[in-house]
1. Please list 3J(HN,Hα) in residue order for segment 55-60, calculated via the Karplus relation 6.51 cos²θ - 1.76 cosθ + 1.60 where θ = phi - 60°; whole Hz, with x for glycine and proline.
2. Taking H as built 1.01 Å from N, whose amide H comes closer than 5 Å to the amide H of E88, not counting residues under 5 places away?
3. Quick one: helix 249-272 against the long Cα principal axis of the chain, what's the angle to the nearest 10°, folded into 0 to 90?
4. How big is the dipole moment of the chain about its Cα centre under a simple scheme where the beta carbon of each Lys and Arg is +1, that of each Asp and Glu is -1, and everything else is neutral? Debye, nearest 20, please.
5. Once phi is turned into ³J(HN,Hα) by the Karplus curve 6.51 cos²θ - 1.76 cosθ + 1.60 with θ = phi - 60°, what whole-Hz value does each residue of segment 120-129 show in order, with x for glycine and proline?
6. Quick one: what are the phi-derived ³J(HN,Hα) couplings along segment 136-143, Karplus 6.51/-1.76/1.60 with θ = phi - 60°, whole Hz, x for glycine and proline?
7. Show the residues, 5+ positions off or on another chain, whose built amide H is closer than 5 Å to the amide H of E350.
8. With 10 angstrom as the radius, rank S369, S356 by how many other C-beta atoms surround their C-beta, starting from the fewest.
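Each value in this text was obtained by applying a stated rule to the coordinates, not by laboratory testing. Predicted model only: the values in this text are computed from it and were never measured. Here the Cβ is made from the backbone with ideal geometry for all residues, glycine too, and neighbour counts use every protein chain on show.
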Amino acid sequence: MEFFKQTNIDFLGKKWYFLTLTMILFVVGMASLAIEHGPKLGIDFTGGTMVDVKFSHPAPLGQVRAGLEKIGLGASTIQPVGGTGGTEVLISVPLSHLRQADLEKGRQDIEKALYSVLGQPQGKLDLNNISPQGLAVWLMQKDPSGYVAQGDPQAQAKYTQFAELVLRQYRDRRWDGLVPSFQALAAIPGMSASLLQQMQTAFFLGPFSIRSVNIVGPEVGAQLRGQAVKAVLLALLGMLIYIALRFEWIYGVAAVVAVFHDVLITLGMFSLFRIPIDLTVIAAFLTLVGYSMNDTIVVFDRVRENLRILRREKLADVVNKSINQTLSRTVLTSGLTFLSVLSLLVLGGEVLRGFSFAMTFGILVGTYSSIAVAAPMMVAYIDWRNRRQRPLRAVAAGRPESEVKPAGKRADRGK
């Protein structure tokens, strides 16, 4: 399937327009990085605590912010999941606002902040946020089934199993973290009427549930930063070696420069829009590196094939023809992938925002760089090398440089 047949666009003739656009994007991105003192890093790299909270009603973002400010965590980041009006948020508390010894207290502090603005009955436990271990301890104390008479180890095992059933199987999996009502608990196997009455007296159903807590210490964050940079650099080095062996070394250098161009400009856009970089974004960058490199290799491979056929044409004309011949393939593959990641960017919510933005913008700039950066750079170098070698060949042949005629077809082809 081809969208374009026998196109003859002079891509290399527009290289100065491409260079101008590249410089504008590069300067804007680098200026943003300089002003902001680097990209905004997520909890994965800076360290801190990230808590996933689900509410029984649309998340009251203003109240949550007020509660965090009340306990000195006003610098925390609150990210709605699924857009404004959703029932789930991610609360990130950076390490700079926590002592390392307090990392484990992040969940407790956020719970305290939420209860302070949403309310908490005195003397009651929250069934939506108690752990299975906590419920098992309460059951051991109340001993509603009389298991303690059989011995503590056996009673502990039975009550722990029942607590896991109530909280893991029903609350977390069936009810998505929030018990709808005490009456709904009656459907749980082993739930007697007397036990249900005791639970109604001792517990209340909080309006939120903390679904997960991720804690990253400073040492782990620093280690992840180093490994992320190393992964990107090693990927570029491996691809440089591969292309240099398959083609010519200048092809590899041009391809790697194009990928560096993609990564740096995308990084600059992250800084400009203040989107935090986490491990999922690094995965997107690595995907971008491979995607951009693959697109460049397709163009270079067609150039190599055409050089064998179009022996009398100049290198610039051969490269232009090769780009036009692969244009349909580029539009099909890049276009379909772009539509997929664009849907993630629009519909994926806050959790996937960094990954989907990196992929969406990266595919655009990666496809652009294969045509507007890698190909012109390769042609410019080979033309410069040919002009430099002509006087040397003339001297070797015993002719003065003034008598040197333009190089023949082999020089034009970069051979």
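1. Going residue by residue, I get 9, 7, 8, x, 4, x Hz, with x marking Gly and Pro.
2. HN-HN under 5 Å from E88: F55, A59, V81.
3. Roughly 40 degrees between the two axes.
4. Values: 43 positive and 31 negative charges, 419 e Å.
In debye, rounded to 20, the chain gives about 2020.
5. Values, residue by residue: 8, x, 5, x, 10, 9, 8, 5, 7, 10 Hz.
6. Result, ordered by residue: 5, 5, 4, 5, 5, 5, 7, 6 Hz.
7. So E350 has HN proximity to G82, G83.
8. Starting with the residue having the fewest Cβ neighbours, the order is S356, S369.
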